[in-house]
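The values are calculated or read from the model by the stated rules, or taken from the named source; none is laboratory data. Treat the numbers as computed from the prediction; the structure is a model and nothing was measured. Here the Cβ is made from the backbone with ideal geometry for all residues, glycine too, and neighbour counts use every protein chain on show.
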Amino acid sequence: MAAIGAVPLIYAGLAAGAGSAALGGVMAFQQGQYQAKVAEQNAKYQASVAQQNAAFYTALGEQNAKTAEATAAAEETRMRRDRARRLAASAAKFGASGVQLTGSPLEVLANEASENEEAALLVRYGGQVEAQRQRLNAQIMARRELMGAGAALYSGQIGSDAYAGQGQASLLAGFGQAAGTSLLGIGQLQLTT
């Protein structure tokens, strides 16, 4: 039989044990909530960086495309000017030699002019193809970044949910342990009295 003075001490010990278990559960719950918030904030940051990268790649691709178009246009202009000079020089040579610009000499000059135009158009087309390639590469890179942003947000939500769930489980376990300690102690107290 337990001494009468020992009963309050036993209750105090049980209360302290139950309180300690409950406090541990509350602290674990708060830690889970904190980790959930950190996971969510980290995911938002990663998504923000990915969106900034996507905007950067889009702007860079457009800049590269415009550069390709401008380079091709400058090359086309240079080529046309150079070829026009050569064509004029050929016509002058024909004229200086006394050949009339009819028949074969005229066909030679017409063929040369046609080839010059074709070469200039090929340069222009090459610039358009390169510009389109730059734009498509930029879109691919931007989409990769945006997919990464979506994945980061999804991953952050999963992590947040997991940490919150762990915190809730810890809280329940702490209260369960506290209740179990109290019931066990009460049962032992009743057996000893």
Taking the condition surrounded by 14 or more Cβ atoms within 10 Å (Cβ to Cβ) and either touching a residue at least 40 places away in the same chain (Cβ under 8 Å) or among the basic types (Lys, Arg) (or both), does Glu75 pass? yes
Of Ala72, Ala65, the only residue that is under 30 Å from Ala151 (Cβ atoms) and modelled with pLDDT of 80 or more is Ala65
From the option list Val38, Val7, single residue qualifying as modelled with pLDDT of 75 or more and either in a helix (DSSP H, G or I) or exposed (fewer than 14 other Cβ atoms within 10 Å of the Cβ) (or both) is Val38
Given the conditions (1) surrounded by fewer than 16 Cβ atoms within 10 Å (Cβ to Cβ); (2) more than 30 Å from Ala151 (Cβ to Cβ); (3) among the acidic types (Asp, Glu), every one holds for Glu130 apart from (1)
Given the conditions (1) within 30 Å of Arg144 (Cα to Cα); (2) in contact (Cβ under 8 Å) with a residue 60 or more places away in the chain, every one holds for Gln52 apart from (2)
